[in-house]
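These notes are about the structure you will find just below.
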Amino acid sequence: MKPVAIRDLCISFGAVQVLHDVTFDVASGESFGLVGESGSGKSTVLRCMSMLQAQWTGDVIIGSQSVREMPLNARVRTVQMVFQDPYGSLHPRHSVATVLSEPLRIHGLDRQRARMEQALIDVGLPVDFLERFPHQLSGGQRQRVAIARALILEPEVLLLDEPTSALDVSVQAEILNLLARLRSEKGFTYLMVSHDLSVVDHMCDRFAVMQAGRIVEVLDRAAIPSNAATQPYARDLIAASLAYERAV
Amino acid sequence: MTDPILDIRNLSVRYRGTPDPAVRGVSFTLGRERLGIVGESGSGKSTVGRALLKLLPTAEITAERMQFEEVDLLNAPERRMLKLRGRRMSMILQDPKFSLNPIQRCGHQIAEAYRTHVRASKAEAKAKAVEMLAAVQIRDPERVYMLYPHEVSGGMGQRIMIAMMLLTDPDLVIADEPTSALDVTVRLQVLNILDALVRDHGIGLIMISHDLNLVRNFCDRVLIMYAGQVVETLDAADLDHATHPYTRGLLAAQPRIGGDRSALPVLERDASWAQTGATT
Ligand SMILES: Nc1ncnc2c1ncn2[C@@H]1O[C@H](COP(=O)(O)OP(=O)(O)OP(=O)(O)O)[C@@H](O)[C@H]1O
Ligand SMILES: Nc1ncnc2c1ncn2[C@@H]1O[C@H](COP(=O)(O)OP(=O)(O)OP(=O)(O)O)[C@@H](O)[C@H]1O
Ligand SMILES: [Mg+2]
Ligand SMILES: [Mg+2]
């Protein structure tokens, strides 16, 4: 549906520059992975793309429009984000029903109750969870509510920050299957942060490796099993992941 | 088991206002070892951990026995629990950012936690906090010391929680998904820190995790939970030979590097799994 182009993205907090000229492209309907060191800036890239962080320089273009120029209303229907930290992203005093109905109401969509119920079923939660509050959910259940909220507006570009790292493998399998199905049916474009290269290999066509605020290498998924990376950090990361899968 | 750190028999937990208990009839003992708890999202893993520390104000806890060393947890008053928590039994919570105070710098929180347990000057506490941040492989500990919780990355938040636990010398550590947000390299370093605590300090470690590779290779024994019950207990090395259909389903649902990318097998949940619980 819509390609994404990121050009020379830079951001600093105080005196510390956190992103250095981050540049990459995600093709329309592609699923693109972002991996790398903890603290290297992966979540910050996604926060800049969704304008949660605004003081960056460079360009983020979705389709043919810069995200800076998109009106809020159009932006949230174009790009949605699933946060790494579901507690932080759900309002503690809003029930699941409130969380899911708000975007529907703002955009005046019809069949609200049916959409909300379907969104919960899609992420494997019982429909009566609509009445619950975040503190009454387990960690993985909160994460699934956050995924349901991002999907309910059917955005063309989904930014997924460790969407399944809080989930057990059986629920992870259901969510990954759901994401794969939505992509093949609706042509969504995904940008997915993960620490798990087996998830990246399963879901993504290509991926970028980040270290200390820079993209060190962009690789095809086929580079994982054979460790075909050429940059030292990317090679180390893939080697460590291969060893971890085989042995820890 | 001689001289267990924990002896838990028939533990059940029911949250107020819910019809069914979140945890039912869970029994296990813990020695100076690494015990993994795996299981479906919502199966009650974190509830077990919080029940052991009695951190469940809105729930009713029942058990035949809940013994931590010489302490009868079931009948211990809150006064007693306050002295135990953080000092002799520590929990690394699943949502690190939620458990930190949002309006106080991360480093100050570690330093203050240190000063509640150990008599130390402010400068000593700060030096200790920076040292602990470095111990958990945070790159520039002086900078991270000054950051507020919303300014640290997911993996940094997890390591700040671990740093806080390392301050004291607990006998029991309950780690709830302590490494899920860490890249593989840092994860192995953090696991080595936890491993050293078990090996050198003889602590008991309960590791709640979704990562089957991790529990297989890092833990000694594993409890498998389903719908609030322990359905299977295994030596970690035998995880691949699990017999319970839920455990087998878990193993099959794991994506593999170099896999064929077809839809992952999902569990066909069977109502009978929730009825028959096994105990240790
Ligand atoms: N608002 C902020 N103020 C100051 N520093 C910040 C802020 N937001 C992020 N940072 C810093 O930017 C760096 C990158 O953080 P980011 O959350 O993007 O990392 P990450 O790659 O997502 O890591 P992880 O895998 O651990 O989640 C970190 O050093 C973090 O402390
Ligand atoms: N305060 C509460 N009130 C009511 N129900 C609750 C409360 N806290 C948790 N629950 C429910 O208890 C069950 C067990 O939750 P728990 O957090 O122990 O799961 P978990 O195994 O840790 O899951 P996850 O892997 O997703 O973190 C879940 O169904 C959850 O919805
Ligand atoms: Mg992050
Ligand atoms: Mg939990």
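For (1) within 16 Å of ligand 1 (Cβ to nearest atom); (2) of a type in the set (K, R); (3) part of a loop (DSSP other than H, G, I, E, B), each residue gets a yes or a no:
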{"residue": "A:L100", "(1), (2), (3)": "no, no, no"}
{"residue": "A:R113", "(1), (2), (3)": "no, yes, no"}
{"residue": "A:Q143", "(1), (2), (3)": "yes, no, no"}
{"residue": "A:I147", "(1), (2), (3)": "no, no, no"}
{"residue": "A:L167", "(1), (2), (3)": "no, no, yes"}
{"residue": "A:L178", "(1), (2), (3)": "no, no, no"}
{"residue": "A:L182", "(1), (2), (3)": "no, no, no"}
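Checking A:P86, A:P71 one by one, the residue that is within 16 Å of ligand 4 (Cβ to nearest atom), modelled with pLDDT under 95 and either under 20 Å from the mean Cα position of the chain (by Cα) or more than 14 Å from chain B (Cβ to nearest Cβ) (or both) is A:P86 and no other. The condition (being within 12 Å of chain A (Cβ to nearest Cβ) and under 17 Å from B:V222 (Cβ atoms)) is satisfied by just one residue among B:T185, B:T179: B:T179. Give the residue that is nearest to ligand 3 (Cβ to nearest atom), with candidates limited to residues of the range B:31-73 that are among the polar types (S, T, N, Q) and assigned to a helix (DSSP H, G or I). Restricting to residues being among the polar types (S, T, N, Q) and assigned to a helix (DSSP H, G or I), the top hit is B:S46. Of the conditions (1) within 24 Å of the chain's Cα centre (by Cα); (2) exposed (fewer than 14 other Cβ atoms within 10 Å of the Cβ), B:S272 fails just one. Which one is it? That leaves (1) as the condition not met.
For (1) in contact (Cβ under 8 Å) with a residue 24 or more places away in the chain; (2) among the aliphatic types (A, V, I, L, M); (3) surrounded by fewer than 22 Cβ atoms within 10 Å (Cβ to Cβ); (4) within 16 Å of ligand 3 (Cβ to nearest atom), each residue gets a yes or a no:
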| site | (1), (2), (3), (4) |
| --- | --- |
| A:K2 | yes, no, yes, no |
| A:L9 | yes, yes, no, yes |
| A:H20 | yes, no, yes, no |
| A:G36 | yes, no, no, yes |
| A:G39 | no, no, no, yes |
| A:D59 | yes, no, yes, no |
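Screening A:E117, A:E174, A:E156 for residues that are closer than 30 Å to B:P245 by Cβ and in contact (Cβ under 8 Å) with a residue 40 or more places away in the chain leaves exactly one candidate, A:E174. Scan the range B:25-39 and tell me whether some residue there is under 19 Å from the mean Cα position of the chain (by Cα) and without any contact (Cβ under 8 Å) to a residue 60 or more places away in the chain. Taking every residue of the range B:25-39 in turn, none turns out to be under 19 Å from the mean Cα position of the chain (by Cα) and without any contact (Cβ under 8 Å) to a residue 60 or more places away in the chain. When A:S184 is tested against the conditions (1) among the polar types (S, T, N, Q); (2) more than 8 Å from chain B (Cβ to nearest Cβ); (3) within 16 Å of ligand 3 (Cβ to nearest atom); (4) within 25 Å of B:R261 (Cα to Cα), the lone failure is (3). Out of curiosity, is A:A119 away from ligand 2 (no atom under 14 Å from the Cβ), exposed (fewer than 12 other Cβ atoms within 10 Å of the Cβ), closer than 27 Å to A:L72 by Cα and at pLDDT 90 or above? The answer is no for A:A119. When the test is whether a residue is modelled with pLDDT under 95, within 30 Å of B:L147 (Cβ to Cβ) and either in contact with a helix residue (DSSP H, G or I) (Cβ under 6 Å, 6 or more places away or on another chain) or within 14 Å of chain A (Cβ to nearest Cβ) (or both), B:L82 does not pass it. Tallying residues that are under 19 Å from A:E30 (Cβ atoms) and exposed (fewer than 15 other Cβ atoms within 10 Å of the Cβ) within the range A:207-248 yields 2.
The values are calculated or read from the model by the stated rules, or taken from the named source; none is laboratory data. It should be emphasised that the depicted structure is a prediction, and the values quoted were computed from it without experimental measurement. Glycine gets a Cβ as well: all are built from the backbone with ideal geometry, and neighbour counts include every protein chain shown.
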